[in-house]
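Below is one structure, written out as structure tokens; comments come after it.
The values are calculated or read from the model by the stated rules, or taken from the named source; none is laboratory data. Quantities reported herein were computed from a predicted structural model and do not represent experimental measurements. Neighbour counts are summed over all protein chains in view; Cβ atoms, including those assigned to glycine, are modelled from backbone coordinates with ideal geometry. Ligands, DNA and RNA are excluded from the accessible area calculation, which covers all protein heavy atoms including side chains. Shrake-Rupley method; radii C 1.70, N 1.55, O 1.52, S 1.80 Å.
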Amino acid sequence: MAENKTLFQLTSEMADLEDELILNGGELTEALALTLPQTSSALIAKVDNIGCLIRKFESSVDSIDAEIKRLQALKKTCSNAAENLKGYVLHSMEYNGFERLDGSLTKFYRRRSERTITDDEAILAPYQFAMEQFRQTLPDYVTLPDFKVNKTIIKDMIKKQGIQMAGAHLEENWSVVMK
């Protein structure tokens, strides 16, 4: 039965029928007259069904993209709300001089951390001339990424070695941790 055949089988049958017509000099035999309409209509139905499936999947992609955007916005809202509440708790703890707040289900405590603040232009300025000179020696097909300051190494230099560097300092941060 033609309805149960695959697209590959149907297109192959149509090609065979066309070849047979050519071999017959374009004469439509009785066997071809019976087979051609059935194969042709089965092929048309198969192509239309595949087209409907493609349209369905493409519309699903659009609705999934819209749902992803909606969920990302909701995620951002929830994340911001949680951060704002943590900031509120931290501010209350700082204002009232508490290091810990213990509830029956939740405990909050303050955590100190350090952040390395750098002025990349000030740190890299002495090396800019040499970097530009080196870049000019390279052929056009070779490009270098922009040079970046490694903040972890600078933090170690300041803390462990006591080196003070122009354009870099440590900043104390406080955050609240919930358990």
Name the residues in region 40-71 that are of a type in the set (Ser, Thr, Tyr) and either open to solvent by less than 60 Å² (accessible area, probe 1.4 Å) or closer than 21 Å to Asn4 by Cα (or both), would you? Ser40, Ser41, Ser60
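Please count how many residues of region 16-39 are within 16 Å of Thr6 (Cα to Cα) and either out of contact with any helix residue (DSSP H, G or I) (no Cβ under 7 Å at 6 or more places or on another chain) or acidic (Asp, Glu) (or both).
Taking region 16-39 first, the residues within 16 Å of Thr6 (Cα to Cα) are 16, 38-39.
Next, only the ones that are either out of contact with any helix residue (DSSP H, G or I) (no Cβ under 7 Å at 6 or more places or on another chain) or acidic (Asp, Glu) (or both) stay: 16.
Total satisfying the criteria: 1.
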I want to confirm something. Restricting to region 91-109 and keeping residues that are under 11 Å from Met178 (Cβ atoms) and touching a residue at least 40 places away in the same chain (Cβ under 8 Å), which single residue is most open to solvent (accessible area, probe 1.4 Å)? Lys107
Take the residues in region 75-128 that are within 33 Å of the chain's Cα centre (by Cα) and of a type in the set (Ser, Thr, Tyr), then tell me which one is farthest from Ile154 (Cα to Cα). Thr77
